[in-house]
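Participant: Take a look at this one; I'll ask things after.
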Amino acid sequence: MPTDEMVDSRMDNGASWTSWGSTRPELNRTARALLGDALGTLTPQRALAVEDAELAPSRLPTAAREALVAAVGETAVRDDAIARAEHAGGQSYSDILRRRHGDTSEAPDAIVVPGSAAEVAEVLRVCTEHKVAVVPWGGGTSVVGGLTPIAGGCVAVVAVDLGRLDRLLSVDHVSRTATFEPGIRTPAAEAALAAHGLSLGHIPQSYERASLGGYVVTRSSGQASSGRGRIDDMVLGLRMATPRGELVLNAMPGSAAGPDLRRLVLGSEGTLGIVTELTVRVRPVPEATHYEAWVAPSWEAGSRMMRRLAQDGPKPDVLRLSDEDETRFSLAMSGTAGAKKRAMDTWLRLRGIHGGCLIVIGFEGGAADIRHRRRGVRRVLRADHAVPLGSGAGRSWEHNRFSGPYLRDTLLDQGVLAETLETATTWSQLQGLYDDVCAALSASLIRDGRPPLIGCHISHVYPAGASLYFTVLAAAQSGGEIEQWAAAKEAANNAIVAANGTVSHHHAVGTAHRDVVTTDLGGDQLVGVAALRAVKEALDPAGILNPGKLLP
């Protein structure tokens, strides 16, 4: 029987129901001045404590609760107010705003914490029998409404928290693969692999809290994707519990035995089943790592450098380009001001750069291989007049690369709307997509004649194209912040679709992109959508699995 400690809501690292963690970085003078000049007067806000939230009574029928208790044990079924509130949505701006205001309308009716694949299967059987919707829950980091408890045609919604399924099950040193349970979070997975001299190396910004199973069902991409690839490239085998039975896809290096059903599980967002086991490619812990920073003369020149490295090599493992506005804000947040900033500006001006765009390059592997690739990358950058800032600036990025969610907490306290969105397209269409999304966001969020701060970076590159990741800062419209962002997000979505971008490169679909995803899923004739609906009907005939997500 599980103990209470085994089934807590796992708000670790000092996180609370309204914040990413206990760390609250202070805005330095330069950053405060930049925000004030750009956005005008801000209205500070206070987040309500979880104890102050009021929840509607649970709709979970008594018979369904009793059956779930029989499946997983009394302490693994939580319907107390704290547990329900802490599972009220993910980490999108809208999710956080609701919780900061004490709005628990996104809370599930109960949380179920299974301890084995067999218990997951039994939970799905019970929920099918009692017509209870299931929202699979890994690290709780969805930013697209993927954890919104939509009942659909069901009588209640339970969040199935996979936090107890958190083990490294096996390591195959010869094949360099490892098999995990889905609920393990990335730091724990890396620590377990390190004991074997191995590493997964999948490092998104949500690294500290996200789960491996969550990466799989959202088709995640990490900061070292240029060298390691996406999670799609790492997954070799899967097991998934469905209401119809268990889908078993053994680990294979390659196969032509019909369509690759692994790809059906990847990106399924909990609508087809719950992943209970995954086998991934792993590598030896890198012998060495090296990060450095450069400045490109312009966004256009920087994009050209990214394309050349992606198409012709040599490829670094981390390859990022920030536009002028993101570069300016990043430097302000890092405290680069005063004499240090003047010295850097002078250094760049003497080399023909006024402002410029920050490039971050990262390498991992053998020392000789890193030296070889560094020389090749430096030739490409110098040929297009980029200027080096050195390894110190690169190490600074490495040290602060997970700080974004913590900084957002500080910005929300100050009354700043702070959110991100991302897309991708081919190189030939990248500039048009960038321009159109910036214009849509700026027009939607202008207030008192002041446009928002919009920064963008390229962080995932391919021979054929790249992703664009936008960060938006605006003066929050007190009392109407959620509607304010919803209008801006809709405008951005429409601009992305019109410019032939994907509605999501690595954040998934959820509810935020659900109604504009038809182009990605096969076009306006809905042939692809019909195919996916048929698969869902076959695996989940009662429609209990994450209703209202992914499929328009």
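Participant: What residue, among those in region 297-319 that are touching a Phe, Trp or Tyr at 6+ places or on another chain (Cβ under 7 Å) and part of a helix (DSSP H, G or I), is nearest to residue 223 (Cα to Cα)?
Facilitator: In this case the residue turns out to be 310.
Participant: Now, a different point. Within region 40-55, work out how many residues are within 28 Å of residue 446 (Cβ to Cβ) and surrounded by fewer than 14 Cβ atoms within 10 Å (Cβ to Cβ).
Facilitator: Residues in region 40-55 being within 28 Å of residue 446 (Cβ to Cβ) and surrounded by fewer than 14 Cβ atoms within 10 Å (Cβ to Cβ): 5 in total.
Participant: Regarding region 331-352, can at least one residue be identified that is at pLDDT 80 or above, aliphatic (A, V, I, L, M) and under 28 Å from the mean Cα position of the chain (by Cα)?
Facilitator: Checking region 331-352: at least one residue is at pLDDT 80 or above, aliphatic (A, V, I, L, M) and under 28 Å from the mean Cα position of the chain (by Cα).
Participant: Could you grab me the full set of residues in region 254-296 that are over 30 Å from residue 319 (Cα atoms), part of a strand (DSSP E or B) and not hydroxyl-bearing (Ser, Thr, Tyr)?
Facilitator: Of everything in region 254-296, those that are over 30 Å from residue 319 (Cα atoms), part of a strand (DSSP E or B) and not hydroxyl-bearing (Ser, Thr, Tyr) turn out to be 274, 275, 277.
Participant: Let me ask something else. Among the residues of region 350-372, which ones are over 21 Å from residue 317 (Cβ atoms) and exposed (fewer than 13 other Cβ atoms within 10 Å of the Cβ)?
Facilitator: 350, 352, 354
Participant: Which one is surrounded by the most Cβ atoms within 10 Å (Cβ to Cβ) among residues in region 249-290 that are closer than 21 Å to residue 225 by Cβ and of a type in the set (Gly, Ala, Ser)?
Facilitator: 268
Participant: Does residue 324 count as more than 18 Å from residue 212 (Cα to Cα), of a type in the set (Asp, Glu), touching a Gly at 6+ places or on another chain (Cβ under 9 Å) and surrounded by fewer than 16 Cβ atoms within 10 Å (Cβ to Cβ)? Talk me through it step by step, then tell me what you get.
Facilitator: Values: more than 18 Å from residue 212 (Cα to Cα): yes; of a type in the set (Asp, Glu): yes; touching a Gly at 6+ places or on another chain (Cβ under 9 Å): yes; surrounded by fewer than 16 Cβ atoms within 10 Å (Cβ to Cβ): no.
No, not satisfied.
Participant: Quick one: residue 375 ticks every box in (1) surrounded by 14 or more Cβ atoms within 10 Å (Cβ to Cβ); (2) assigned to a helix (DSSP H, G or I); (3) at pLDDT 95 or above; (4) not polar (S, T, N, Q) bar one, so which box is it?
Facilitator: Condition not satisfied by residue 375: (1).
Participant: In addition: Could you tell me whether residue 81 is farther than 24 Å from residue 513 by Cα, buried (at least 24 other Cβ atoms within 10 Å of the Cβ) and among the small types (Gly, Ala, Ser)?
Facilitator: Judged against the criteria, residue 81 is not a match.
Participant: Same structure, new question: Looking at region 344-372, I want the residues that are farther than 30 Å from residue 201 by Cβ and have a partner that is exposed (fewer than 13 other Cβ atoms within 10 Å of the Cβ) with Cβ atoms under 9 Å, at least 6 apart or on another chain. Which pairs are those?
Facilitator: Final answer for the pair search is 345/354; 348/354.
Participant: Taking region 112-141 as the region of interest, how many residues are among the hydroxyl-bearing types (Ser, Thr, Tyr) and either buried (at least 24 other Cβ atoms within 10 Å of the Cβ) or closer than 28 Å to residue 95 by Cα (or both)?
Facilitator: 2
Participant: Keeping to region 41-73, report how many residues are of a type in the set (Lys, Arg) and over 18 Å from residue 109 (Cβ atoms).
Facilitator: Result for region 41-73: 1.
Participant: Checking the conditions here, which among 41, 30 is part of a helix (DSSP H, G or I) and touching a residue at least 24 places away in the same chain (Cβ under 8 Å)?
Facilitator: 30
Participant: Something else now. One residue is enough: does region 485-502 have a residue meeting the conditions under 22 Å from residue 206 (Cα atoms), under 16 Å from the mean Cα position of the chain (by Cα) and in a loop (DSSP other than H, G, I, E, B)?
Facilitator: Yes, some residue in region 485-502 is under 22 Å from residue 206 (Cα atoms), under 16 Å from the mean Cα position of the chain (by Cα) and in a loop (DSSP other than H, G, I, E, B).
Participant: Going by the conditions given, is residue 18 touching a Lys or Arg at 6+ places or on another chain (Cβ under 8 Å), surrounded by 14 or more Cβ atoms within 10 Å (Cβ to Cβ) and either under 30 Å from residue 544 (Cβ atoms) or modelled with pLDDT under 90 (or both)?
Facilitator: Criteria met by residue 18.
Participant: Out of curiosity, is residue 512 more than 18 Å from residue 128 (Cβ to Cβ) and touching a residue at least 24 places away in the same chain (Cβ under 8 Å)? Give the steps one after another, and end with the answer.
Facilitator: Working: more than 18 Å from residue 128 (Cβ to Cβ): yes; touching a residue at least 24 places away in the same chain (Cβ under 8 Å): yes.
Spelling it out, residue 512 is indeed more than 18 Å from residue 128 (Cβ to Cβ) and touching a residue at least 24 places away in the same chain (Cβ under 8 Å).
Participant: With 37, 109 as the choices, which residue is surrounded by 16 or more Cβ atoms within 10 Å (Cβ to Cβ) and either β-branched (Val, Ile, Thr) or modelled with pLDDT of 90 or more (or both)?
Facilitator: Checking each option against the conditions leaves just 109.
Participant: Kindly establish whether residue 519 is of a type in the set (Val, Ile, Thr) and buried (at least 18 other Cβ atoms within 10 Å of the Cβ).
Facilitator: So residue 519 does not fit the description; no.
Participant: Follow-up question, since we're still on this one. Considering only helices (runs of 4 or more DSSP H) fully contained in region 45-140, which possess at least 2 residues that are hydroxyl-bearing (Ser, Thr, Tyr) and in contact with an Asp or Glu (Cβ under 9 Å, 6 or more places away or on another chain)? Write out each step before concluding.
Facilitator: On the way: elements: 62-72, 81-86, 93-100, 117-130.
Result: 93-100.
Participant: Quick one: which of 391, 396, 403 is polar (S, T, N, Q) and under 19 Å from the mean Cα position of the chain (by Cα)? Break it down into steps so the answer makes sense when it comes.
Facilitator: On the way: 391 fails: under 19 Å from the mean Cα position of the chain (by Cα); 396 fails: under 19 Å from the mean Cα position of the chain (by Cα).
Result of the check over 391, 396, 403: 403.
Participant: I'd like the residue in region 440-453 that is of a type in the set (A, V, I, L, M, F, W, C) and farther than 13 Å from residue 490 by Cα and, out of all such residues, is nearest to the chain's Cα centre (by Cα).
Facilitator: 453
The values are calculated or read from the model by the stated rules, or taken from the named source; none is laboratory data. Small disclaimer: the values here were computed from a predicted structure and weren't measured. Please note: Cβ atoms are built from the backbone with ideal geometry, for glycine as well, and neighbour counts cover all protein chains shown.
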